Amino acid sequence: MKLVFAGTPEVAVPALDALIASDRHEVAAVVTRPDAPSGRGRRLVASPVAQRAEEAGIEILRPARPRDEAFLTRLREIAPDCCPVVAYGALLPRVALDIPANGWVNLHFSLLPAWRGAAPVQHAVIAGDETTGAATFLIEEGLDSGPVYGVITEDVRPTDTSGDLLTRLAFAGAGLLAATMDGIEDGTLKAVQQPTEGISLAPKLTVEDARVDWAAPALRVDRVVRGCTPAPGAWTVFRGERLKLIQLTPTPDRTDLAPGEPAVGKNSVHVGTGSYAVELLWVQPQGKKPMRAADWARGVRIAAGERLGAAEGAADVR
């Protein structure tokens with residue numbers, strides 16, 4: 001088939017690579033979000049998908065909106081048989097959905113109908129799911145509600161961050177998307193409607209969602225930190241400044257600390273939660289680089305009675 005691939009971030013690149021490598025399909029163009037400011041100089045930088053397409057000599061379409069007439073005209077000129085999608089980042093209007101003969105087929109990182117939305121992997125980790133996966137489905141105008149072509153499953157490991165899990169799903173899902181294109185092309189694969197039960201939503205996480213509640217049980221604190229790593233980044237406040245929490249581990253044998261109460265050892269920092277304590281391993285103070293929690297604690301010299309996440313330490317989360 002002649003394909004137009006739509007995607008934007010690094011997580012979409014493995015799928016693009018898999019389709020470029022296929023001897024059954026031609027990637028005629030890619031659709032990606034416009035170049036965006038990045039870094040301290042706010043220089044415009046092409047998306048990872050655009051960079052990979054340029055390396056491969058593939059035409060790049062960067063519409064400000066997918067309903068822009070110039071984009072729709074070019075898409076009609078290319079006349080793709082199918083448009084595979086991975087994390088494109090914009091809603092597709094009906095006029096665009098109707099152009100390819102076999103529609104737009106999305107690789108979504110959950111076992112639909114669970115975790116429909118922008119952040120399925122993060123929500124799966126935070127919810128404590130033991131198994132998740134990826135699915136390919138035909139895009140409709142509803143939110144991730146279209147009929148499913150295929151799925152793969154993936155175990156959620158006890159120490160997985162959302163970044164760890166998403167990386168594995170990106171590579172495993174690339175094979176699923178390529179196989180889905182093969183099945184559509186040869187007519188052996190038919191989409192099946194999603195169940196009406198088991199639907200859950202996974203909206204994009206906000207900075208406030210990533211703020212740790214020390215009164216929650218230790219397992220919940222651990223899941224929030226792992227689910228929000230690398231983005232948007234779990235955090236708390238200490239002495240009125242934000243402290244990013246990069247890595248911690250539950251310590252069930254430590255039950256003597258109140259929620260948010262720190263205990264600094266020679267080479268360790270424990271903090272109380274609503275159940276037992278967690279040990280902070282890596283943190284990042286505001287305006288500084290990531291560091292070992294023990295080094296941070298030695299530097300700030302925590303005084304008796306100080307707490308992490310104390311109300312008087314409300315931080316500006318803008």
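Using per-residue counts of other Cβ atoms within 10 Å, averaged over each peptide, order 116-126, 69-79, 12-22, 187-197 from highest down.
116-126, 12-22, 69-79, 187-197
Over region 189-318, give the accessible area per residue in Å² for a 1.4 Å probe, as an integer. Walk me through the numbers on the way to the answer.
On the way: 7260 Å² over 130 residues.
About 56 Å² of surface per residue is accessible.
Which whole-number percentage describes the relative contact order of region 76-209, with Cα contacts under 8 Å and a sequence gap of 6 or more?
Value for region 76-209: 27 percent.
So in region 71-219, what percent of DSSP beta bridges are antiparallel if you round to the nearest 5?
Numbers: 12 of 16 bridges.
Close to 75 percent.
What net charge do the residues around residue 19 carry, taking every other residue with its C-beta under 14 Å from that of residue 19, with Lys and Arg at +1 and Asp and Glu at -1? Before the final figure, lay out each step's value.
Numbers: positive: 2, 24, 52; negative: 17, 23, 26, 81, 182, 185.
My count for the surroundings of residue 19 gives -3.
Among 132, 151, 245, whose Cα projects farthest towards the positive end of the dipole of the chain, with charges put on the beta-carbon of Lys, Arg (+1) and Asp, Glu (-1)?
Of the options given, the answer is 245.
With +1 on the Cβ of every Lys and Arg and -1 on the Cβ of every Asp and Glu, and nothing else charged, how large is the dipole of region 69-207 about its Cα centre, in debye rounded to the nearest 20? List each step's numbers first, then the result.
Details: 8 positive and 17 negative charges, 54 e Å.
It comes to approximately 260 debye.
How many angstrom separate the Cα center of region 148-183 from the Cα center of region 185-216?
Computed from Cα coordinates, the inter-centre distance equals 14 Å.
Can you find, among 72, 192, 90, the residue farthest towards the positive end of the dipole of the chain? Put +1 on the C-beta of Lys and Arg, -1 on that of Asp and Glu.
Checked the options; the winner is 90.
With the cut-off at 1.5 for a/c, could you classify region 1-115 from its C-alpha gyration tensor as rounded, prolate or oblate?
Verdict is rounded for region 1-115.
Report D for the chain in µm² per second (integer): Stokes-Einstein, Kirkwood Rh on Cα pairs, 25 °C, 0.890 mPa s.
Details: Rh = 21.4 Å.
D, rounded to a whole number, is 115 µm²/s.
Could you tell me whether region 159-201 comes out rounded, prolate or oblate from its Cα gyration tensor? Rule is a ≥ b ≥ c as square roots of the eigenvalues, rounded for a/c under 1.5, then prolate if a/b exceeds b/c, otherwise oblate.
Oblate is the answer for region 159-201, as a/c is 1.5 or above yet b/c matches or exceeds a/b.
Have a look at 30, 41, 51 and report the one farthest towards the positive end of the charge dipole of region 28-92, computed about the Cα centre with Cβ charges (Lys/Arg +1, Asp/Glu -1).
Checked the options; the winner is 41.
What is the dipole size for the chain, taken about its Cα centre, with +1 at each Lys and Arg Cβ and -1 at each Asp and Glu Cβ, in debye to the nearest 20?
Using Cβ point charges on Lys, Arg, Asp and Glu, the chain gives about 1320 debye.
What length, rounded to one decimal in nm, is gained on full extension from residue 216 through to residue 263, with 0.36 nm per residue of separation minus their alpha-carbon distance?
15.1 nm
Tell me which DSSP H helices of the chain clear both cut-offs, 15 Å or more of axial length from alpha-carbon atoms and a mean Kyte-Doolittle hydropathy of at least 0.5.
On the way: long enough: 162-186 (35 Å, 0.60).
Span-like helices in the chain: 162-186.
So, with +1 on the Cβ of K and R and -1 on the Cβ of D and E, and no other charges, what is the size of the charge dipole of region 31-81 about its Cα centre, to the nearest 20 debye?
Magnitude of the dipole: close to 400 debye.
Calculate for the chain the 222 nm mean residue ellipticity that helices alone would give, adding -39,500 (n - 2.57) per DSSP H run of length 4 or more and normalising by residue count, nearest 500 deg cm²/dmol.
Using -39500 (n - 2.57) per qualifying helix, the result is -8000 deg cm²/dmol.
The values are calculated or read from the model by the stated rules, or taken from the named source; none is laboratory data. If you're wondering where the values come from, they're calculated on a predicted model, not measured in any experiment. All Cβ positions, glycine included, derive from the backbone under ideal geometry; neighbour counts span all protein chains shown. To get the accessible areas, we keep the full protein, side chains included, count just its heavy atoms, and leave off ligands, DNA and RNA. Shrake-Rupley method; radii C 1.70, N 1.55, O 1.52, S 1.80 Å.
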